[in-house]
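Student: So that we are looking at the same thing, I have put the structure below in structure tokens.
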Amino acid sequence: MTGRELPPSSPFAGDDGSPDPGLTAVLARHAVGDAALADVVAALAPTRVLVPVLAELEAAGVVEHDGHAHTVDKEASAGIVALRTPDGRTALPVFSGVAAMARWRPDARPVPTPVPRAALSAVAEGWEVLVLDPAGPVTVALPRTAVYALAQGLAWRPAVLDGRVDDEVRAAVGAALAHVRLVVAADAVPGTRAEVAVRLALPAGLDRAGLDRVLAEVNDALAHDPVVAARVDSLELRVRPA
């Protein structure tokens, strides 16, 4: 996988590699369910992270996160390392401090980088996820929408919070599908296989070809809605007869 090395950053000349205390506290709370992912993103945004650089080409390795394997792609020359997540997306690993990086790869060279710049580097490479401290002590995967918000210096507003889909997202889904032929009603609820589930009421009796055409139009309308694109990381469709 092609990567590009981040140049040394002079603003961090006095950095001793310790994690930010505020971030560490939020991560500890997140690990026991007392802090949401949005709290982690907010605590991470103003900090610096360490981006790992490896100097030698090696066979692809594997890291574990939440019981799932992540393939590690490495560069022949010194460059950024990328992880392959279980769902097939590419992630940039970043670390809160040198100890967390050493747990993962003692031979990796840490490059201190402001979080917005690290996120922007991931976006520029077409990588959708940031994985914070992939070897622990607390591992957090930041979804595409959070990565894009960090890259723009914006506060991240998750699509689902406290067990319900945000009103702006629900309204955007409804507006995007209001003019899709044969969609009688649409709503958005928290998903099971994806972040958000879009519930569709369609006329009974559609054959397979007709259903496929409607779902293709639905997917196209949602993909082109700016609110849905900016705020929803993944979607699933649920169909019922009107």
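The values are calculated or read from the model by the stated rules, or taken from the named source; none is laboratory data. Only a predicted model underlies this, so the values are computations on that prediction, with no experimental measurement involved. Heads up, the Cβs are rebuilt from the backbone with ideal geometry, glycines too, and the neighbour counts pull from every protein chain shown.
Student: Just one of ALA28, ALA59, ALA45 is exposed (fewer than 14 other Cβ atoms within 10 Å of the Cβ), of a type outside the set (Phe, Trp, Tyr) and modelled with pLDDT of 95 or more; which is it?
Tutor: Only one candidate qualifies: ALA28.
Student: Restricting the search to segment 204-220, which residues are touching a helix residue (DSSP H, G or I) at 6+ places or on another chain (Cβ under 9 Å) and not in a helix (DSSP H, G or I)?
Tutor: Matches in segment 204-220: LEU206 only.
Okay, residues lined up against (1) at pLDDT below 95; (2) more than 30 Å from GLY33 (Cβ to Cβ); (3) of a type in the set (A, V, I, L, M, F, W, C):
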{"site": "ALA159", "(1), (2), (3)": "no, no, yes"}
{"site": "ASP162", "(1), (2), (3)": "yes, no, no"}
{"site": "GLY191", "(1), (2), (3)": "no, no, no"}
{"site": "ALA204", "(1), (2), (3)": "yes, yes, yes"}
{"site": "LEU211", "(1), (2), (3)": "no, yes, yes"}
{"site": "LEU222", "(1), (2), (3)": "no, yes, yes"}
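Student: Moving on. Tell me, please, whether a residue that is part of a strand (DSSP E or B), surrounded by 15 or more Cβ atoms within 10 Å (Cβ to Cβ) and not assigned by TED's automatic domain parsing to the domain that holds ASP87 can be found in segment 170-187.
Tutor: yes
Student: Residues that are part of a helix (DSSP H, G or I) and over 20 Å from ALA28 (Cα atoms): does segment 125-134 have at least one?
Tutor: Checked against the condition, which is being part of a helix (DSSP H, G or I) and over 20 Å from ALA28 (Cα atoms), segment 125-134 yields at least one hit.
Student: Taking the criterion of being surrounded by 20 or more Cβ atoms within 10 Å (Cβ to Cβ), touching a Ser or Thr at 6+ places or on another chain (Cβ under 7 Å), under 23 Å from LEU161 (Cβ atoms) and not assigned by TED's automatic domain parsing to the domain that holds GLU128, would at least one residue in segment 215-231 satisfy it?
Tutor: We begin by selecting, within segment 215-231, every residue surrounded by 20 or more Cβ atoms within 10 Å (Cβ to Cβ); these are 218, 222, 228, 231.
Within this subset, residues satisfying the condition of being touching a Ser or Thr at 6+ places or on another chain (Cβ under 7 Å) are 231.
Still in the list and also under 23 Å from LEU161 (Cβ atoms): 231.
Checking which are not assigned by TED's automatic domain parsing to the domain that holds GLU128 leaves us with 231.
Checking segment 215-231: at least one residue is surrounded by 20 or more Cβ atoms within 10 Å (Cβ to Cβ), touching a Ser or Thr at 6+ places or on another chain (Cβ under 7 Å), under 23 Å from LEU161 (Cβ atoms) and not assigned by TED's automatic domain parsing to the domain that holds GLU128.
Student: Of all residues in segment 145-183 being in contact (Cβ under 8 Å) with a residue 60 or more places away in the chain and under 15 Å from VAL94 (Cα atoms), which is nearest to the chain's Cα centre (by Cα)?
Tutor: The extreme case among them is ALA146.
Student: Please name all residue pairs, on different chains or six or more residues apart, with Cβ atoms under 9 Å, provided the first residue is in segment 19-36 and is without any contact (Cβ under 8 Å) to a residue 60 or more places away in the chain and the second residue is of a type in the set (S, T, N, Q) and in a loop (DSSP other than H, G, I, E, B).
Tutor: Once the first residue is without any contact (Cβ under 8 Å) to a residue 60 or more places away in the chain and sits in segment 19-36, its partners that are of a type in the set (S, T, N, Q) and in a loop (DSSP other than H, G, I, E, B) give GLY22/THR47.
Student: Let me ask something else about it. Answer yes or no as to whether ALA194 is over 17 Å from the mean Cα position of the chain (by Cα), part of a loop (DSSP other than H, G, I, E, B), farther than 15 Å from ALA175 by Cα and touching a residue at least 24 places away in the same chain (Cβ under 8 Å).
Tutor: In short, no.
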